[in-house]
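Notes follow once the structure below has been shown.
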């Protein structure tokens, strides 16, 4: 599974995870905070407490987070296109290419996949509502192609 923050409330987020039988949330953000009062629940400590209360394991995978340089490339593309992170619908080509080369080609995804629970789903977590606008979709795509993982993107209603 993959899931973002934007467009969801705390309760809606937890309900989506419950409905998908998620037992592990893998946070793939570099900065584990979200701007704006409406998303304060998704800041790391609050999120971890909510997940713990819901019986969902939390793991932060910093090695899967994009670098500041890659994030800047995406922000520059967003600026050229007149969109912001909350309305982004796609990943910039430079970001995608850089992320694949600098992160995914160097990380042992096999070990990560092997560590995932077999009796429940795992959700890759970042902030963007649309998976096509987020590196979590690139991770999921690689997990599917190289390790046979089935992928479903959880989206706001």
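What the table below lists for this structure:
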read-out	value
For the chain, built as a Gaussian network whose Cα springs stay under 10 Å, the top-fluctuating residue of 32, 86, 106	106
Within the chain, helix-based [θ] at 222 nm, where runs of 4 or more DSSP H residues each add -39,500 (n - 2.57), nearest 500	-11500 deg cm²/dmol
Inter-part distance where segment 54-126 and segment 135-157 are each reduced to a Cα centre, Å	11
Taking the C-alpha atoms of the chain, convex hull volume expressed per residue in Å³	104
Where labels lie 7 Å past Cα in the beta-carbon direction, separation of residue 10 and residue 94 in nm	3.9
GNM result for the chain, Cα springs below 10 Å: residue of 107, 34, 22 fluctuating most strongly	107
Gaussian network model of the chain, springs between alpha carbon atoms under 10 Å - residue of 112, 91, 139 with greatest fluctuation	112
Rounded FRET efficiency, nearest 0.05, which uses the C-beta distance separating residue 72 from residue 52 and R0 of 30 Å	0.35
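Taken together, the values in this text are just the output of simple stated rules run on the coordinates, not laboratory data. Keep in mind that what you see is a predicted model, and the values were worked out from it rather than measured. Cβ atoms come from the backbone with ideal geometry, glycine included; neighbour counts cover every protein chain shown.
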